[in-house]
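Undergrad: Submitted below is the structure of interest, expressed as structure tokens.
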Amino acid sequence: MLTLAAAALNTRPARADESGISFWLPGLFGSLAAVPTQPGFNFATFNYYTSVNSATNVKFQIGARLVAGVEAHVDFQYLNLNYVFATPVFGGQAAIGINSLFGNNATSVFGTLTGPNGGALSGGRQQSSTGFGDLYPLATIKWNQGVNNFMVYAAGDIPVGLYSADNIANLGIGHGAIDSGLGYTYFNPQTGNELSAVTGFTYNMINQSTNYQNGVDWHLDWAASHFLTPNVMFGVVGYFYDQLTGDSGSGAKLGPFESRVVGVGPQLGVLFPVAGMQGYLNAKGYAEFDAHARPSGHNLWLTLSISPAVPRPPSIVATN
């Protein structure tokens, strides 16, 4: 039953460093991230909403433009189809999945310093774009050893989504990327206590439309929760994101432009039966701080996952 929550959290959309936003979307991995899941197909979707801004004197490069100050409101629905293999791989449980998103990006800039053709401009601009994002493949292998669970993963970006170097609001990122890392979950069903952490690195390929290559990113997603009952949990979530190497290429007009941000917030999850299968609903939110070369604000997530029903684990004893 509790493995369903892990399936719901193994999803990952992305955005681009050229506007101060990373390919990796911080917060994608959360509670029970490394716990093996039920073999077979499972489906997860979440609604993601974020509102971010930067000071009017902070410069960003968005596509072919240099701008001063950014405000963005992004609202998209993310879709994940995942298959978990019953046959062990390297002694662990392997899974593969494909993900994408559909939604809206409404972005405003307070001042445009340089336009797409190199001319000096002034005044603000607004744009709202609706469409599909890129395709995001994901592969994981998970191992269980009692209360300890371990994971390795590899993910990537296939840049087929809505993107134009002339836009200030995109849903694709305009370039490929490869991301991989490790995860760990401590979960004790007898006490209902859980702690998870997933860390990884992103290598970004060059954006051929802008001759801009994002640097190598490091990210850490973490979560801690307690199951009040076998079906209801609450806790805290957080992330660290830091760009380790600077942006490069002839199109990187602002130089290295290394970004950083930290986020933390609450979460609440509920497991429930649905049509002979298992459902999982999770709500969480993050407030961001310590941002550098990146707009910051807050983001809200509402996740729904459906997977094959599994036998109930030993009863969780609430300790509060």
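Undergrad: Rank by packing, highest mean first: peptides 42-52, 263-273, with packing defined as the count of other Cβ atoms within 10 Å averaged across residues.
TA: Working: 42-52: 19.7, 263-273: 17.3.
Highest-to-lowest ranking by the protection proxy: 42-52, 263-273.
Undergrad: In addition: For Ala309, enumerate residues with amide H under 5 Å from its amide H, sequence gap 5+ or separate chain, H modeled in the peptide plane.
TA: HN-HN under 5 Å from Ala309: Gln278.
Undergrad: Sequence-distant or interchain residues sharing an amide H contact under 5 Å with Asn207, placed H: which?
TA: Counting only residues 5 or more places away or on other chains, the set is Tyr212, Gln213, Asn214.
Undergrad: Heavy atoms only, probe 1.4 angstrom, no DNA, RNA or ligands counted: give me Met151, Met277 ranked by accessible area, highest first.
TA: Values: Met151 5, Met277 70 Å².
Most to least solvent-accessible, the answer reads Met277, Met151.
Undergrad: Sticking with this structure for a sec: What ³J(HN,Hα) values, in whole Hz, does the Karplus curve 6.51 cos²θ - 1.76 cosθ + 1.60 give for the range 290-300 when θ = phi - 60°, with x put for Gly and Pro?
TA: Taking θ as phi minus 60°, the curve returns 6, 7, 9, 6, 6, x, 9, x, 8, 9, 10 Hz for the range 290-300.
Undergrad: Among [x] 112; [y] 174; [z] 141, which one is volume of the Cα convex hull per residue in Å³ computed from these coordinates?
TA: [x]
Undergrad: Let me ask something else about it. Averaging sequence separations of C-alpha pairs under 8 Å and six or more residues apart, then dividing by the length of the range 55-102, give the relative contact order as a whole percent.
TA: Working: 54 pairs, mean separation 14.0, N = 48.
Reported relative contact order: 29 percent.
Undergrad: Calculate one ³J(HN,Hα) per residue across the range 189-206 by plugging θ = phi - 60° into the Karplus curve 6.51 cos²θ - 1.76 cosθ + 1.60, and present them in order as whole Hz with x for glycine and proline.
TA: Once θ is set to phi - 60°, the couplings for the range 189-206 become x, 6, 9, x, 8, 8, 9, 10, 8, 9, 10, x, 10, 10, 9, 9, 7, 6 Hz.
Undergrad: Here is a further query. Please name whichever of Asn214, Gly192, Gly156 sits farthest to the positive end of the charge dipole of the range 133-221, dipole taken about the Cα centre and charges placed at Cβ: Lys and Arg +1, Asp and Glu -1.
TA: Gly192
Undergrad: Sticking with this one: Determine the calculated [θ] at 222 nm for the chain from helices alone, applying -39500 (n - 2.57) to every DSSP H run no shorter than 4 residues and normalising by the residue count; nearest 500 deg cm²/dmol. Spell out each step's value before the answer.
TA: On the way: 1 runs with 7 residues, N = 320.
Here the helix-only value at 222 nm equals -500 deg cm²/dmol.
Undergrad: Could you name the lysines in cross-link range of Lys253, using Cα to Cα under 18 Å and dropping any fewer than eight places away on the same chain?
TA: In chain and number order, the partners are Lys59.
Undergrad: Now a separate question. Please list 294-302, 244-252 highest first by mean number of surrounding beta-carbon atoms within 10 Å per residue. Don't skip to the end; give the middle numbers.
TA: Values: 294-302: 19.3, 244-252: 16.0.
Highest-to-lowest ranking by the protection proxy: 294-302, 244-252.
Undergrad: I'd like the Karplus ³J(HN,Hα) series for the range 225-239: coefficients 6.51, -1.76, 1.60, θ = phi - 60°, whole numbers in Hz, and an x wherever there's a Gly or Pro.
TA: So the Karplus estimates, Gly and Pro as x, are 9, 9, 8, 5, 9, x, 10, 10, 10, 9, x, 10, 9, x, 8 Hz.
Undergrad: Would you work out which of Gly297, Ala252, Ala34 lies farthest towards the positive end of the dipole of the chain, given +1 charges on the beta-carbon of Lys and Arg and -1 on that of Asp and Glu, about the Cα centre?
TA: Farthest towards the positive end: Ala34.
Undergrad: Now for a different question. Can you give me the long-range amide H partners of Ser259? Hydrogens built in the peptide plane at 1.01 Å from N, cutoff under 5 Å, separation of 5 or more residues or another chain.
TA: Gln243
The values are calculated or read from the model by the stated rules, or taken from the named source; none is laboratory data. Just so we're clear, the structure is a prediction, and the values are computed from it rather than from any experiment. For neighbour counting, all protein chains shown are included, and Cβ atoms are generated from backbone atoms with ideal geometry for every residue, glycine included. Ligands, DNA and RNA are excluded from the accessible area calculation, which covers all protein heavy atoms including side chains. Shrake-Rupley method; radii C 1.70, N 1.55, O 1.52, S 1.80 Å.
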